[in-house]
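Below: one structure, written as C-alpha cells.
What follows draws every value from the coordinates through simple rules; no lab data is involved. Since the structure is predicted, the reported quantities are computational estimates derived from the model, not experimental observations. Please note: Cβ atoms are built from the backbone with ideal geometry, for glycine as well, and neighbour counts cover all protein chains shown.
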Amino acid sequence: MPTRLIGLADAGRARERVGGKAAVLGELAARGWPVPPGFVVTADALSDPDLDQVLAEAAERCGGGRFAVRSSGVAEDLPDASYAGLYETFLDVDVDGLADAVRSCFAAARADRVRSYHDRRAPAAPSAMAVL
C-alpha cells in the first residue's frame, strides 16, 4: 500500500517523496531541534476516499489546534530555479479545514504559473510535491 502520510520525524529519510522543506525539518527534529509536531501528506493520499478522516486523526495525534499547510516540492530549490512563492501556503487552519487546505495546496502545483515557470526553468527536473 502506498505511503499516504509520513511523520515529520521520518521525513528526513524520505526526501525524494516529501521534498526538501519537509526533509530538512525532519532532519532537524531527528537531531533534537525544537520542531513542532507535524506530518507530510504524499501525493498518494489524494486518491484516498477517507482523506478527511485520515488527516483529522493525524492532526489529533499532533495535539489538534491550528496548522500551517504548505508545499514541499522535490524541485522547489534547484541550482537554476526556485519555486518560492509559486505554491500556496495556508496558515491558521483548523482540523475541520485541513483536508480542503491540503487539496488546495496540491492543486496549486498544477496552476498555470507553476507549469509555465517549470517548463521555462527546469523541464527535466522532477515535479513531485508533498504537503507539509
>> Could you work out how much longer the chain between A56 and D96 gets when fully extended? Use 0.36 nm per residue separation minus the Cα distance between them, nm to one decimal.
In response: 13.7 nm
> Only one of the listed values, (1) 41, 33, 31; (2) 61, 32, 25; (3) 42, 34, 23, was derived from the coordinates as Cα extents along the principal axes in Å; which label is it?
Replying inline: (1)
> Taking Cα pairs under 8 Å and at least six residues apart, what relative contact order does the chain come out at, in percent?
Replying inline: 29 percent
> If you find the alpha carbon centre of region 2-45 and of region 49-69, how far apart are they in angstrom?
Replying inline: 15 Å
>> Rounding to the nearest 10 and keeping the result within 0 to 90°, find how far the Cα-based axis of helix 15-30 lies from the longest principal axis of the chain.
In response: 50 degrees
>> Suppose we flag trypsin sites (Lys or Arg not before Pro) only when DSSP calls them loop and at most 10 other Cβ atoms lie within 10 Å. Which is the longest uninterrupted stretch of the chain?
In response: 32-109
